[in-house]
Every structure is written in structure tokens, then in C-alpha cells.
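Bear in mind that the values in this text are calculations on the coordinates, not laboratory data. Computed from a predicted model, the values in this text were never measured in an experiment. FYI the Cβ positions are ideal-geometry reconstructions off the backbone, even for glycines, and counts take in every protein chain you see.
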Amino acid sequence: MKNSNMGQLAATLISAIIFGIGLELAQMTNPQKVIGFLNITDKWDPSLMFVMIGAIIVNSILFIVVKRRVSPFFAPKFMLPTLTKADKKLILGSAIFGLGWGIGGFCPGPALSSLMRLQPQIFIVVGSMLLGMWVFKLVEKKF
Amino acid sequence: MSIVNFTPLPALYGGLLIGFAAAILLLANGRIFGISGIIGGILKPQKGDVFWRILLLVGLILGAFIAKQVLGTPSIFTTRSTLWLIIGGFLMGFGSRLGSGCTSGHGVCGISRFSIRSIFATLTFMATGMIAVFIMNLMGVSY
């Protein structure tokens with residue numbers, strides 16, 4: 001795969017910074033709000049739902065622009081997922097992901113962005129996450 | 001069920017930023033802002049396809065850091081023990097790779113593309129996340 005051009009790199013950085021700001025503003029980096037959202041049977045914090053709704057509204061509107069274009073602005077083509085059917089791997093993986101999300105209160109983005117806090121728990125979560133990803137890489141042929 | 005800690009506006013605004021960031025990456029570079037997949041491309045590196053991923057993660061952390069300075073968001077607080085953080089992190093990492101995505105890839109990007117796979121994935125991990133929290137509550141594990 002070709003090395004990225006300056007436009008791509010600038011867009012990557014800007015997009016990531018905005019994403020990081022959004023995560024922090026929405027407090028998705030706070031496991032209390034994540035577990036609070038998943039705690040739907042007890043003391044429920046609906047905030048995460050609003051984060052999702054806000055994100056999906058903007059992204060789906062701008063996706064209309066994507067559909068009209070032949071290619072992205074700085075890259076030769078759109079690299080969208082090609083699979084369309086929900087298969088066993090997807091469901092099993094998502095189920096496991098959800099368990100980890102509810103047990104720990106973190107998902108990849110917020111966990112990584114919170115590394116800037118330099119707190120031990122974050123290093124533990126990120127380290128464990130990377131380990132889990134690595135282990136999957138070792139066993140993925142079995143699925 | 002009672003509603004607690006609901007912060008609709010920061011959640012919504014944060015979500016709008018997240019959605020906007022994801023749209024930028026797609027329109028500019030043709031890439032899905034799926035963090036688990038982006039990390040996956042670092043764990044299984046292909047020539048010329050790694051630097052932008054690292055730059056993205058750096059940007060994510062930088063954005064969160066800037067937001068923390070400006071907003072004064074607090075440190076991460078959780079009463080989940082180290083063991084639960086390890087288990088949670090591991091399952092979250094493993095599951096995201098098996099399931100080909102996480103909250104950003106499936107929840108934010110996939111649903112915005114009206115992807116059936118992502119809708120199934122998101123419903124699944126939301127469900128198991130809620131089940132996990134329910135069970136942790138029954139076990140008397142605080143957060």
C-alpha cells in the first residue's frame with residue numbers, strides 16, 4: 001500500500017484531534033458514564049445514547065456527500081468494508097466485546113485517548129486490550 | 001430504574017464532534033474511523049500503511065489532552081479492581097478484532113452507512129454490555 005500523502009496525513013491528524021476532543025467533551029473516557037449507560041436496569045445514565053445519536057446524525061448526513069463522490073479528496077479510493085451479512089464471527093466477537101465493555105467500562109478509543117492522564121488503570125486497560133487483540137491475531141485462523 | 005448523571009448537551013456536542021471527525025477521515029482519506037481496526041493495522045502492519053495509523057492515535061490522545069486542559073475534566077475514577085480491568089480490557093480487545101469493529105467502527109461509522117452488519121454488531125454489544133453490568137451488579141461489584 002502506498003505511503004500517505006501530506007493531505008491524507010493532515011486530514012488524519014485533524015480528524016483524530018477532533019475525535020479526541022469529542023470523546024473528552026462527551027466524557028466517554030469516563031467509565032462511570034459508560035457503565036452508567038449500560039446500567040439500564042438500575043441507575044441509568046442515558047448520556048452515551050446522545051453521544052451516539054449526535055455522531056450518527058452528522059456522519060450519516062455527510063455520508064450522502066461520500067456516496068456522490070467517485071473517490072475521497074486525498075486518496076485514490078474509498079476503503080469501505082465489503083462484507084454485508086452479519087455472520088457468526090461478527091455476532092460472537094461483538095458479544096465478547098460488549099462483555100469486556102461492561103466489565104471494564106472502556107472501549108478502545110476512550111481507553112487510548114485517556115493515556116494522556118498517565119493513570120495506572122488506563123495503562124492496565126490499554127495493555128490488556130492490546131494483549132487481547134494480539135491473542136486474537138494468534139488464534140484467528142480457528143474462527 | 002432511575003435516571004442519574006444525565007449530561008445531554010455535552011454528550012450531544014461531543015457526539016457531533018465525533019461524527020464530524022469520522023466524516024472527515026472518510027471524505028478525505030476514504031477510511032472508516034474504527035479504532036480497533038486502525039490498531040489492527042498496526043499489529044498486522046503492511047508496508048506504507050502504518051504511519052497514518054500511529055499519527056491518528058497520537059492525534060486522538062492530543063485532542064483529548066487539549067480538551068482536558070480547556071474543560072478541566074477530572075481524572076478517571078473507577079472502583080473496578082485490577083483483575084476486572086484486565087478481564088474487561090482483554091475481552092474488549094479480543095472481541096473487537098473477532099467482531100471486526102467496536103463502538104467507533106460499528107456504532108458510529110457503520111450505522112451511519114446503514115450497514116446491516118454494524119447494526120447487528122451494535123445491538124449485540126449493547127445487549128451483552130448491559131448483561132455484563134447487570135451481572136456485576138448482582139455480584140456486588142461496584143464501579
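The figures follow:
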{"read-out": "Residues of the stretch B:94-108 that turn out to be more than 7 Å from every other protein chain (Cβ to nearest Cβ) and either among the charged types (D, E, K, R) or part of a loop (DSSP other than H, G, I, E, B) (or both), as a count", "value": "1"}
{"read-out": "Residues of the stretch B:61-102 classified as farther than 18 Å from residue A:31 by Cβ, in contact with a helix residue (DSSP H, G or I) (Cβ under 8 Å, 6 or more places away or on another chain) and not small (Gly, Ala, Ser), total", "value": "6"}
{"read-out": "Test: residue in the stretch B:58-70 that is crowded, with 21+ Cβ neighbours inside 10 Å and in contact (Cβ under 8 Å) with a residue 12 or more places away in the chain", "value": "yes"}
{"read-out": "Residue, surrounded by the most Cβ atoms within 10 Å (Cβ to Cβ), within the stretch A:92-143, restricted to residues that are in a loop (DSSP other than H, G, I, E, B) and aromatic (Phe, Trp, Tyr)", "value": "A:106"}
{"read-out": "Exclusive hit being touching a residue at least 40 places away in the same chain (Cβ under 8 Å) and more than 7 Å from chain A (Cβ to nearest Cβ), set B:37, B:41, B:19", "value": "B:37"}
